[in-house]
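What follows is calculated from the coordinates using simple rules that are stated; it is not laboratory data. All values reported here derive from a predicted model rather than from experimental measurement. Please note: Cβ atoms are built from the backbone with ideal geometry, for glycine as well, and neighbour counts cover all protein chains shown.
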Amino acid sequence: MALQAAALLPSTFSFSKEGKVGASLKDSSLFGKSLSDQIKSDISSSSLKIKRAVRAEAVITATPAVNRATAEGKKTLRKGTVVITGASSGLGLATAKALAETGKWHVIMACRDFLKAERAAKSVGMTKENYTIMHLDLGSLDSVRQFVDTFRRSGRPLDVLVCNAAVYLPTAKEPTFTAEGFELSVGVNHLGHFLLARSLLDDMNQSDYPSKRLIIVGSITGNTNTLAGNVPPKASLGDLRGLAGGLNGLNTASMIDGGDFDGAKAYKDSKVCNMLTMQEFHRRYHEDTGITFASLYPGCIATTGLFREHIPLFRFLFPPFQKYVTKGFVSEEEAGKRLAQVVSDPSLTKSGVYWSWNKDSASFENQLSQEASDVEKARKVWEISEKLVGLA
Ligand SMILES: NC(=O)c1ccc[n+]([C@@H]2O[C@H](COP(=O)([O-])OP(=O)(O)OC[C@H]3O[C@@H](n4cnc5c(N)ncnc54)[C@H](OP(=O)(O)O)[C@@H]3O)[C@@H](O)[C@H]2O)c1
């Protein structure tokens, strides 16, 4: 990815450490006259505006995923609903745009800054009927629970969940913490998403969409079987003693392996947790639910906000370095198309896969490092994470 490329910069620039409602009244005929009448009467009353939205959404929910054959004999698929965390910038926004403009997806932009998300959606030309913004701050487990509740009350089905949001704090000298006191990178990137994905699994299971998917964005930087993944500080979860202690930096370390705080390593460790979690989901739930679990490395998207905390010189040099030296640069638009493929491409339904793309932008199943595919470690990360987020 990009971070690994930081490793490939000349040593003078070494940065390893420091530095809606789409339903028409006609649709309500599915439920017979009484609901239709009810909705009509609600519409006539402006005070019941919200109620109307919820009921109309309920119509969408109850619409079978594959509708009856049309006059031409073709079967039609209802619009899918995809939740994307961190859709207010970078990869998440580009993916939201790519999916929304197909007209086949309604994107729930799960973001912590409503206004930023609204402006972002407008800036890329997304049209109102194709997205809804819902508040989610992954740095607070209460906010995650609230999001789940809000989503359920919307009445929409959940067909695909994309855990994409992340923070990267390579220049931080001291750890910062989530509302519950977890080191921020692992708290947001892993634990917040862990609770979200676990909480929404049942919702996804109830959807009748033909291809349901849970995608957790990974990274090459967490994989020590790559050049990029070997750039110090390398990802390493050790014996998980810091995670088991709650990463609070008080009576336990803020790092998963129990070591001293290092913001770049904390990010890479969190990405290992993301990739382990996806595989553990696959082992525990794929056979029973049919849900496809996947992770990916979208390529080095050197221009995104992920590098906002880096020193200005890095941010200036990183994109051209990736474009002209490593040639690993991928535009936000291209990366968004890649993630959109993992969401909706009928050929990418295999579960338990970590997808990557070659130079011709063709997808392939990539190999994870030994640690990022360690079955026993995945089980332990899962069990400790369950306790930390209050699920066990
Ligand atoms: N850039 C790369 O080269 C690269 C390579 C490999 C993998 N990735 C992965 O791609 C994903 C997206 O990163 P990006 O490069 O697109 O970076 P980005 O532009 O910074 O996007 C990150 C998103 O996460 C959101 N976010 C951060 N903290 C949050 C919180 N507490 N609650 C909710 N949302 C939060 C941000 O919201 P705000 O807008 O409110 O800050 C933003 O929308 C990450 O998982 C990253 O690890 C990136």
Legend entry - Of residues in the stretch 116-138 being within 10 Å of the ligand (Cβ to nearest atom) and within 18 Å of Phe151 (Cα to Cα), the one surrounded by the most Cβ atoms within 10 Å (Cβ to Cβ): Leu138
Legend entry - Search result, residues across the stretch 334-392 that are in a strand (DSSP E or B) and within 30 Å of Ser254 (Cβ to Cβ): Tyr354
Inset, instruction - Would you mind stating whether Leu306 is within 13 Å of the ligand (Cβ to nearest atom) and assigned to a helix (DSSP H, G or I)? - result: yes
Inset, instruction - All but one of (1) within 12 Å of the ligand (Cβ to nearest atom); (2) among the aliphatic types (A, V, I, L, M); (3) in contact with a Gly (Cβ under 6 Å, 6 or more places away or on another chain) hold for Ile311, so report the exception by its number. - result: (1)
Inset, instruction - Give the number of residues within the stretch 152-201 that are among the acidic types (Asp, Glu) and buried (at least 23 other Cβ atoms within 10 Å of the Cβ). - result: 2
Legend entry - Criterion violated by Gly290 - all others in (1) more than 17 Å from Gly187 (Cα to Cα); (2) touching a strand residue (DSSP E or B) at 6+ places or on another chain (Cβ under 7 Å) satisfied: (2)
Legend entry - Matching option when the condition is closer than 23 Å to Leu247 by Cα and not charged (D, E, K, R), among Ala121, Ala172: Ala172
Legend entry - Single condition Ile108 does not satisfy, out of (1) touching a strand residue (DSSP E or B) at 6+ places or on another chain (Cβ under 9 Å); (2) within 9 Å of the ligand (Cβ to nearest atom); (3) within 30 Å of Thr76 (Cβ to Cβ): (2)
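Residue-wise test of (1) among the polar types (S, T, N, Q); (2) within 15 Å of the ligand (Cβ to nearest atom); (3) crowded, with 24+ Cβ neighbours inside 10 Å; (4) over 28 Å from Lys350 (Cα atoms).
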{"site": "Pro210", "(1), (2), (3), (4)": "no, no, no, no"}
{"site": "Gly218", "(1), (2), (3), (4)": "no, yes, yes, no"}
{"site": "Pro232", "(1), (2), (3), (4)": "no, no, no, yes"}
{"site": "Leu240", "(1), (2), (3), (4)": "no, no, no, yes"}
{"site": "Gly246", "(1), (2), (3), (4)": "no, no, no, yes"}
{"site": "Gly249", "(1), (2), (3), (4)": "no, no, no, yes"}
{"site": "Cys273", "(1), (2), (3), (4)": "no, yes, yes, no"}
{"site": "Thr277", "(1), (2), (3), (4)": "yes, yes, yes, no"}
{"site": "His282", "(1), (2), (3), (4)": "no, no, no, no"}
Inset, instruction - Collect the residues in the stretch 157-179 that are in a loop (DSSP other than H, G, I, E, B), more than 12 Å from the ligand (Cβ to nearest atom) and not small (Gly, Ala, Ser), keeping them in residue-number order. - result: Pro157, Leu158, Asp159, Pro170, Thr171, Lys173, Glu174, Pro175
Inset, instruction - Would you confirm whether any residue within the stretch 183-204 is under 30 Å from Ala253 (Cα atoms), within 11 Å of the ligand (Cβ to nearest atom) and more than 18 Å from the chain's Cα centre (by Cα)? - result: no
Inset, instruction - Inspect the stretch 263-271 for any residue being in a loop (DSSP other than H, G, I, E, B) and of a type in the set (Gly, Ala, Ser) and give the result as yes or no. - result: no
